[in-house]
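Only one structure is covered here, and it is reproduced in the block below.
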Amino acid sequence: MTSPDYRLNSLSPVTRHSSPLKIAVYWTGSCGGCDVSFLELGPALLEVLSKVEIVFWPALADAKRKDLENLPPRSIDVTLVNGVIRTTENEEMVEILREKSRFLGAYGSCAHLGGVPALANQTNGVVEFVFGPGYRPSPPPGGEAEDAPPSLLPQALPLEEVVPVDFVVPGCPPPAPLIAQFFERAISGEIEPGQVFAKDKALCEECPRIREERKLTRIVRPHEVQPDPEKCLLDQGIICLGPVTRGGCEAACPKAGMPCTGCLGPTPKAGDPALAMISALASLVRAGEEGEAAFPEEDRILDGLVDPIGTLYKYAFAKYGLSLKKLARRREEVRA
Ligand code: SF4
Ligand code: SF4
Ligand code: SF4
């Protein structure tokens, strides 16, 4: 692993919060990657740790719900929540954290947009889908009713669907430059309400690959080809979400030969990432023929887009998938 060198340039005297900054980090439906991501700061993490007081971080140090409940309201300066809201316990914990925190942010794609776990929203009732009809979580043998696992919510939700969110540090997990930016602003007391720690401009603008916007005559999956190392992946038929995704990761995936899957979330201009990407593809896919004669060949090219929902909504299905469902319903109404 290369040694990261992220410097925190603006650790100015604290003005708008307690000193040291009191922080909490909590995971809901999370893979744990977001908690580990702070290590990406490298030596700068030591600088951060010297400026903060960790008051609640169950992934790092043993802490119980009661410890959190005993804190006075708004006594935590900044809380970072990672993971999707999937269970009744997740819901209750973030409501308590909201009450105890002055600023509360979504950290990572799952908290921001629902993330990969929210692809389960494609089916109604994931528990029944996996365990069969009528299944209910039960306590372990000999346990009390309260020992039963928490119930799953009907849908996996982004954090903002449950509590007001003050800011977002996006990514799966957030990349080191954005984590560094977040700590700079938090420690100097300069988080703006509604702030998203990523660029408003599209990832393509920071990608070094050469984009010619060639017409697509085929769509391929990354493992099916050896892409040209200099040229845009989308031009080579690999679905790369760079045109609709926020910049800020220094185009980490395209630089490594892999397409962007959209983890920093869509740009404000793009909105729904799948609809924006479909619109982009519609202008790129071209058969030899013109007009209606081209439709069958264009359909064949678009059939190369395997798993459209998992590809175009990989992180954002919980937040934007509804518009897809509305479109499907509208199409059925028009056909009827
Ligand atoms: S955003 Fe990615 S790294 Fe973070 S919890 Fe979700 S899946 Fe894991
Ligand atoms: S490889 Fe992806 S991010 Fe880079 S220019 Fe092409 S579409 Fe944009
Ligand atoms: S290239 Fe795309 S998927 Fe990869 S880290 Fe950047 S925003 Fe996330």
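Some observations on this one:
- Flag if Glu213 is part of a loop (DSSP other than H, G, I, E, B), within 12 Å of ligand 2 (Cβ to nearest atom) and surrounded by fewer than 20 Cβ atoms within 10 Å (Cβ to Cβ): yes
So that you can scan it fast, the table gives a plain yes or no per residue for (1) part of a strand (DSSP E or B); (2) in contact with a Pro (Cβ under 9 Å, 6 or more places away or on another chain):
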| residue | (1), (2) |
| --- | --- |
| Leu71 | no, no |
| Ile85 | yes, yes |
| His112 | no, yes |
| Asn124 | no, yes |
| Phe129 | no, no |
| Pro137 | no, yes |
| Glu160 | no, no |
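- Residue within the stretch 250-261 that is surrounded by 21 or more Cβ atoms within 10 Å (Cβ to Cβ) and more than 11 Å from ligand 2 (Cβ to nearest atom) present: no
- Considering residues of the stretch 186-204 that are buried (at least 19 other Cβ atoms within 10 Å of the Cβ) and not aliphatic (A, V, I, L, M) only, the residue farthest from ligand 2 (Cβ to nearest atom): Ser188
- Taken over the stretch 223-254, the criterion of being in a loop (DSSP other than H, G, I, E, B), in contact (Cβ under 8 Å) with a residue 24 or more places away in the chain and over 13 Å from Ala202 (Cα atoms) is satisfied by Pro227, Pro229, Cys232, Leu233, Gly237, Ile239.
- Selection of helices (runs of 4 or more DSSP H) fully inside the stretch 283-336 by the criterion of at least 2 residues being in contact with a helix residue (DSSP H, G or I) (Cβ under 8 Å, 6 or more places away or on another chain) and at pLDDT 65 or above returns 308-312, 317-335.
- Inter-residue pairs, beta-carbon under 8 Å, first among the charged types (D, E, K, R) and in the stretch 14-39, second modelled with pLDDT of 95 or more and near ligand 1 (Cβ under 8 Å from one of its atoms), 6+ apart: Asp35/Trp27; Asp35/Asn82
The values are calculated or read from the model by the stated rules, or taken from the named source; none is laboratory data. Since the structure is predicted, the reported quantities are computational estimates derived from the model, not experimental observations. Note: ideal-geometry Cβ built from the backbone for every residue, glycine included; neighbour counts use all protein chains shown.
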